[in-house]
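Student: After the structure tokens below, expect a handful of questions from me.
Readers should treat all values here as calculations from the given coordinates under stated rules, not as data from a laboratory. Values in this document were obtained by computation on a predicted structure and should not be read as measured data. Because the Cβ atoms are built from the backbone with ideal geometry, glycine has one as well, and the counts that use them run over all protein chains shown.
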Amino acid sequence: MISPDDIDRAGNLIADHIVKTPTLSSKTVWPDRNVVLKLENTQHTGSFKVRGAFTTLLSQEVPNSGIVAASGGNHGAAAAYAARQLGHHATIFVPELAGPAKIELIRSTGADLNVVQGEYANALEQAQKFEASTGAMQIHAYDAPDTLAGQGTLMREWEAQGLDADTVLIAVGGGGLIGGSLAWLQGRKKVVAVEPKEAPTLNAALANGEPCDVSVGGIAANALGARRIGNMCFDLATELGIVSVLVDDDAIAQAQVRLWQSHRQWVEPAGAAALAALLSGAYVPETDERVAVLVCGANPAPGPFE
């Protein structure tokens, strides 16, 4: 299991390669209550994923065959971007449901892009075959120590910026971001895991007592569409404790609109999912509970120029 020391090391390692993303205190995004937002949608390639990608590439020796990654979109873009910045060749596998905006973002990095039928799990299967046949280094989207340590630097950074909240709401796909956040916080704050009802990966695992396969769908499936929660995230969630809630697609879409109307932040469904839990009442804080929301993805489909 990763520790705060691992996250400290990752933070120092990647400091020159990432954006220190802004925060803001909002009284309009959720009427009558102050909410702190972390705008990780302003990160390189539009998501937190570059944190884990750079941590992995800077922590390990990359073979001549380069790197390979499977992704619903954001991880692929991040891995390809980090590889290009560090002079490595990248091969990326994504499912068709990644959507045109994310597919074009990955293509713009110069990576070898392979679009496969199905969902993230199908892209992962192809990436694993490529790894076995070429010796390329696999950068896992969410269930690897370097990935979690890198994603944990987001919460480390947020606390250094003066995060003043009792509770943090975080969207969950495969569990890399929330796992890294749990590892850094070590129970100092309540963490609320927010998932779409059509992709309840962590919620189902907690109910089942162990990771299990779920069917995935809905408007956030290309970012929050892992079929099974990562083992590292599940272990951290069960050891450190977590609140798990589900939101429907309408609530996510309404949260996207609210972020745009309030702060001109146009984000993908996954990026708005955590806020949806507040707007829909899926999570209801106490009267004096100070709440923070992580806005984590900026690549909606269609993209801004489509």
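Student: State whether region 73-142 is rounded, prolate or oblate according to the following rule on the C-alpha gyration tensor (a ≥ b ≥ c being the square roots of its eigenvalues): a/c under 1.5 gives rounded; otherwise a/b larger than b/c gives prolate, and the remaining case gives oblate.
Tutor: Working: a/c = 1.81, a/b = 1.05, b/c = 1.73.
Judged from the Cα gyration tensor, region 73-142 comes out oblate (a/c at least 1.5, b/c at or above a/b).
Student: Grab the beta carbon distance between Asn12 and Asp164, set R0 = 22 Å, and tell me the FRET efficiency rounded to 0.05.
Tutor: Once the sixth-power term is evaluated, E becomes 0.35.
Student: Where in region 233-293 are there GluC sites (Glu not before Pro) that are in a DSSP coil and have at most 11 other Cβ atoms within 10 angstrom of their Cβ?
Tutor: For GluC sites (Glu not before Pro) across region 233-293 that sit outside H, G, I, E and B with at most 11 neighbouring Cβ atoms in 10 Å, the list reads Glu286.
Student: Let me ask you something else. Out of all DSSP beta bridges with both ends in the chain, state the antiparallel percent to the nearest 5.
Tutor: Restricted to the chain, the bridges split so that about 15 percent are antiparallel.
Student: Also: Taking amide hydrogens as modeled 1.01 Å from N in the peptide plane, which residues meet the under 5 Å criterion relative to Ala226, leaving out close sequence neighbours?
Tutor: Here the answer is Gly174, since their amide H atoms fall under 5 Å of that of Ala226.
Student: Something else now. What number, rounded to the nearest 500 deg cm²/dmol, is the helix-based mean residue ellipticity at 222 nm of the chain, given -39500 (n - 2.57) per DSSP H run of at least four residues and division by all its residues?
Tutor: -13500 deg cm²/dmol
Student: Something else now. Scan around Ala90 for amide H atoms under 5 Å from its own, H built in the peptide plane at 1.01 Å from N, and keep only partners 5 or more places away or cross-chain.
Tutor: Long-range HN contacts for Ala90: Ile67, Asp112.
Student: Modelled label-to-label distance, Glu104 and Ser65, 7 Å Cα→beta-carbon offset: nm?
Tutor: 3.3
Student: Report the one residue of Gly180, Val191, His263 whose Cα lies farthest in the direction of the positive end of the charge dipole of the chain (charges on C-beta: Lys and Arg +1, Asp and Glu -1; origin at the Cα centre).
Tutor: Positive-end residue among those listed: His263.
Student: Among the lysines in the chain, how many pairs, 8 or more places apart or on different chains, have alpha carbons under 18 Å apart? Before the final figure, lay out each step's value.
Tutor: Values: Lys20/Lys38; Lys20/Lys49; Lys27/Lys38; Lys38/Lys49; Lys38/Lys189; Lys38/Lys190; Lys49/Lys102.
Count of close lysine pairs: 7.
Student: Consider all pairwise Cα distances in the chain and report the whole-number % of them above 38 Å.
Tutor: Counting pairs separated by more than 38 Å, the tail of P(r) holds 5 percent.
Student: What is the fewest-to-most order of Tyr81, Tyr120 by other Cβ atoms lying within 10 Å of their Cβ? It would help to have the intermediate numbers written out before the result.
Tutor: Working: Tyr81 24, Tyr120 29.
Listed from fewest to most nearby Cβ atoms, that is Tyr81, Tyr120.
Student: With the Cα gyration tensor of region 124-211 giving a ≥ b ≥ c as the square roots of its eigenvalues, does the rule (a/c under 1.5 for rounded; else a/b larger than b/c for prolate; else oblate) give rounded, prolate or oblate? Don't skip to the answer; put the middle values down first.
Tutor: On the way: a/c = 2.88, a/b = 1.49, b/c = 1.94.
Taking the square roots of the gyration eigenvalues as a ≥ b ≥ c, region 124-211 is oblate.
Student: Another question, if that's okay. Place +1 on the Cβ of every Lys and Arg and -1 on the Cβ of every Asp and Glu in the chain, take the dipole about the Cα centre, and give the residue among Ala251, Val29, Ser65 whose Cα lies farthest towards its positive end.
Tutor: The Cα lying farthest towards the positive end belongs to Val29.
Student: What FRET efficiency do you get for Asn208 and Glu289 if R0 is 25 Å and r is their Cβ-Cβ distance, rounded to the nearest 0.05?
Tutor: The computed FRET efficiency comes out at 0.30.
Student: Can you tell me the dipole magnitude for the chain around its Cα centre, using point charges on the Cβ only (Lys, Arg +1; Asp, Glu -1), in Debye to the nearest 20?
Tutor: With Lys and Arg at +1 and Asp and Glu at -1, about 580 debye.
Student: When a/c is below 1.5 the answer is rounded, else prolate if a/b is larger than b/c, else oblate, so apply that to region 67-202 with a ≥ b ≥ c taken from the square roots of the Cα gyration tensor eigenvalues.
Tutor: Taking the square roots of the gyration eigenvalues as a ≥ b ≥ c, region 67-202 is prolate.
Student: Pick out the long, greasy-scoring helices in the chain: whole DSSP H runs spanning 24 Å or more along their own axis by Cα, mean Kyte-Doolittle at least -1.0.
Tutor: On the way: long enough: none.
What comes out of the filter, once short or polar helices are dropped, is none.
Student: Using unit Cβ charges (K, R positive; D, E negative) and no other charged atoms, how large, in debye to the nearest 20, is the dipole of region 49-138 about its Cα centre?
Tutor: Numbers: 6 positive and 7 negative charges, 52 e Å.
For this selection, approximately 240 debye.
Student: Okay, moving on. Among the GluC sites (Glu not before Pro) within region 1-108, which fall in a DSSP loop and have no more than 11 other Cβ atoms within 10 Å of their own Cβ?
Tutor: Glu61
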